[in-house]
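Working notes, beginning with the structure itself.
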Amino acid sequence: MHIIAKKRLRDFWESQPAYRDAIIPMTEWFRHMEKAGYRTPQELKAELRSASILKNSRVVFNIAGNKYRLVLAIDYERQIGYVRFAGTHTQYDAIDAENI
């Protein structure tokens with residue numbers, strides 16, 4: 001799967017020194033997703049059980065032991081994922097994950 005907007009991840013972990021611990025887990029997540037080929041939300045969920053499948057082709061991932069959240073919009077047919085959000089739980093609570 002091609003993941004678009006790695007810059008959004010980098011912008012997050014560079015935004016504050018406290019978020020630097022997100023570098024390794026977000027990079028590992030990115031590398032995993034680039035190698036993955038999930039054809040359906042069910043296939044993704046079967047492998048990544050902590051992922052939450054939302055409406056509008058959105059998936060929420062818990063990163064760094066559930067310290068951070070990441071929202072990905074996935075076009076399963078074209079095998080493209082768009083990073084829509086990366087942040088803390090508090091920041092996540094302030095967004096509409098299904099429409100971001």
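Looking at the range 9-100, which trypsin sites (Lys or Arg not before Pro) are in a loop (DSSP not H, G, I, E or B) and have at most 15 other Cβ atoms within 10 Å?
Arg39, Arg49, Lys55, Lys67, Arg78
May I ask you to list the chymotrypsin sites (Phe, Trp or Tyr not before Pro) in the range 27-76 that are in a DSSP loop and have at most 12 other Cβ atoms within 10 Å of their Cβ?
none
With everything on Cα atoms, drop me the angle between helix 23-35 and the longest principal axis of the chain, reported from 0 to 90° to the nearest 10.
With both axes taken from Cα atoms, the answer is about 10 degrees.
Let me spell out the model: positive unit charges on the Cβ of Lys and Arg, negative unit charges on the Cβ of Asp and Glu, origin at the Cα centre of the range 9-100. What dipole size does that give, in debye rounded to 20?
140 debye
Would you mind calculating the relative contact order of the chain from Cα pairs under 8 angstrom and at least 6 residues apart, reporting the percent as a whole number?
Once divided by the residue count of the chain, the mean separation gives 29 percent.
Report in % the part of the accessible area of the chain that belongs to carbon and sulfur, leaving out ligands and nucleic acids; probe 1.4 Å.
Answer for the chain: carbon and sulfur cover 49 percent of the accessible area.
When ligands, DNA and RNA are left out and all protein chains stay put, how many square angstrom of accessible area per residue does the chain have with a 1.4 Å probe?
57 Å²
The values are calculated or read from the model by the stated rules, or taken from the named source; none is laboratory data. Note that the coordinates shown come from a computational prediction; the quantities given were computed from them, not determined experimentally. Neighbour counts are summed over all protein chains in view; Cβ atoms, including those assigned to glycine, are modelled from backbone coordinates with ideal geometry. Just the protein is used for accessible areas: all its heavy atoms, side chains included, with ligands, DNA and RNA removed. Shrake-Rupley method; radii C 1.70, N 1.55, O 1.52, S 1.80 Å.
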